[in-house]
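Below is the structure I would like to discuss, written out as structure tokens.
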Amino acid sequence: MKGAIIYFSGTGNTLNVVNLVVKEFGEKNIECDKIDISKDNTVSKDYDFYVFASVIHVYVFPEIFTNWLKKNAPIVDNKRCIVLSVQAAYIGYGGRQVTKMLSSKGYDVMVVRSIPMPNNYYFNSFFKETPEQRKKEMKEEAILEVRNIVNKFLKDEGYIEKQSYIITTISKAVYPIALRHFNKWARKKLTVDYTRCTKCKKCEKECPTNNIIFQENIKFKDKCISCLRCVHKCPVNAFLYNNKHFNQM
Ligand SMILES: Cc1cc2nc3c(=O)[nH]c(=O)nc-3n(C[C@H](O)[C@H](O)[C@H](O)COP(=O)(O)O)c2cc1C
């Protein structure tokens, strides 16, 4: 048996969960390939099962992920799958958002779970950084939850979290409005501290929408999705938000 784990992670939390899934299946001698949707556009339809995982933005899966699924998730003949959403608060609504689409492509959605991980969006006093103690607890809880998910999946037991129809519907309507703001976000809010920047170009290489052009200086186009990868992953924390350095996750 071999599985494909198809994922989008802005800053690494979803990737951490994906790595836990790989490890958990691995301990049962089941191999999984990881497919990062920001790098790969093709995936075989011949895997025995599939895992779809993404960060939650504004209560739903970001468009970069849902569009990829619509376009690139292979049409299969009744293959079992797991849908995982990763967010800061306990509940995410990604499962409800994609279950119908995956079913129409031939997937049997066995598991839908949301897994809380540390908040990466804490620019204002409303959205707070997760306290260190809670970060540790979240990582421990994620290990147990992933173990549970894999065990239930292998026993062919359904494990579907209830997800609010109303909140999903509202969030799906709000997301495109938020995205218009996100598209200009980097241009409006981010600058670079060139006394720190080493011009390693990691931000340019890693940006999932190719929104960063690095020539003499950094330039942002208008395709930012506000995933915060550039800000959190910069090796020298060179980005400035409202002219101040940001406390990286
Ligand atoms: C633009 C944006 C919107 C977010 N919206 C939500 C949200 O609606 N609910 C929530 O719990 N967390 C939200 N978060 C927090 C992330 O979902 C959370 O930190 C997640 O673990 C990040 O995963 P990643 O590192 O794979 O990108 C948001 C983060 C960003 C950047």
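Checking the conditions here, which among K39, K34 is part of a loop (DSSP other than H, G, I, E, B) and over 12 Å from the mean Cα position of the chain (by Cα)? Break it down stepwise before answering.
On the way: K34 fails: part of a loop (DSSP other than H, G, I, E, B).
The conditions single out K39.
Output the residues belonging to segment 36-55 that are within 16 Å of the ligand (Cβ to nearest atom) and crowded, with 24+ Cβ neighbours inside 10 Å. Before you say what the answer is, go through the steps one by one.
Just the residues of segment 36-55 that are within 16 Å of the ligand (Cβ to nearest atom), to begin with: 36-39, 51-55.
Hits for segment 36-55 are V51, F52, A53, S54, V55.
Return yes or no: is I160 surrounded by 14 or more Cβ atoms within 10 Å (Cβ to Cβ), farther than 18 Å from G3 by Cα and away from the ligand (no atom under 12 Å from the Cβ)?
Values: surrounded by 14 or more Cβ atoms within 10 Å (Cβ to Cβ): yes; farther than 18 Å from G3 by Cα: yes; away from the ligand (no atom under 12 Å from the Cβ): yes.
Taking the combined requirement at face value, the residue satisfies it.
Next question, about the same structure. Quick one: C207 ticks every box in (1) in the same structural domain as V98 (by TED's automatic domain parsing); (2) in contact with a helix residue (DSSP H, G or I) (Cβ under 7 Å, 6 or more places away or on another chain) except a single one, so which number is it?
(1)
If a residue has to be part of a loop (DSSP other than H, G, I, E, B) and either loosely packed, with under 15 Cβ neighbours inside 10 Å or among the acidic types (D, E) (or both) to count, how many in segment 210-231 make the cut? Working first, answer last.
So in segment 210-231, the residues part of a loop (DSSP other than H, G, I, E, B) come out as 210-211, 215-217, 221-228.
Remaining after also requiring either loosely packed, with under 15 Cβ neighbours inside 10 Å or among the acidic types (D, E) (or both): 210, 215-217, 221-222.
Qualifying residue count, segment 210-231: 6.
State whether one or more residues within segment 48-56 are at pLDDT 95 or above and part of a loop (DSSP other than H, G, I, E, B). Before you say what the answer is, go through the steps one by one.
Just the residues of segment 48-56 that are at pLDDT 95 or above, to begin with: 48-56.
If we keep only those that are part of a loop (DSSP other than H, G, I, E, B) as well, we get 48, 56.
Scanning segment 48-56 turns up at least one residue that is at pLDDT 95 or above and part of a loop (DSSP other than H, G, I, E, B).
For I177, state whether it is of a type in the set (V, I, T), modelled with pLDDT of 95 or more and under 26 Å from N41 (Cα atoms). Full working, then the answer.
Details: of a type in the set (V, I, T): yes; modelled with pLDDT of 95 or more: yes; under 26 Å from N41 (Cα atoms): no.
Against the criterion (of a type in the set (V, I, T), modelled with pLDDT of 95 or more and under 26 Å from N41 (Cα atoms)), I177 does not qualify.
Working carefully through the options K189, K155, find the one that is over 21 Å from the mean Cα position of the chain (by Cα) and surrounded by fewer than 15 Cβ atoms within 10 Å (Cβ to Cβ). Before you say what the answer is, go through the steps one by one.
Numbers: K189 fails: surrounded by fewer than 15 Cβ atoms within 10 Å (Cβ to Cβ).
Just a single option satisfies the conditions, and that option is K155.
Report, by residue number, each residue of segment 171-192 that is closer than 20 Å to F246 by Cβ and either among the basic types (K, R) or touching a His at 6+ places or on another chain (Cβ under 7 Å) (or both).
Scanning segment 171-192 gives K184, R187, K188, K189.
Of the residues that sit in segment 87-135 and are crowded, with 20+ Cβ neighbours inside 10 Å and assigned to a helix (DSSP H, G or I), which one is farthest from the ligand (Cβ to nearest atom)?
Per the stated criteria, the residue is L102.
The values are calculated or read from the model by the stated rules, or taken from the named source; none is laboratory data. Bear in mind the structure is a predicted one, so any value in this text is a computation, not a measurement. Cβ sites come from the backbone with ideal geometry, for glycine too, and all protein chains shown count toward neighbours.
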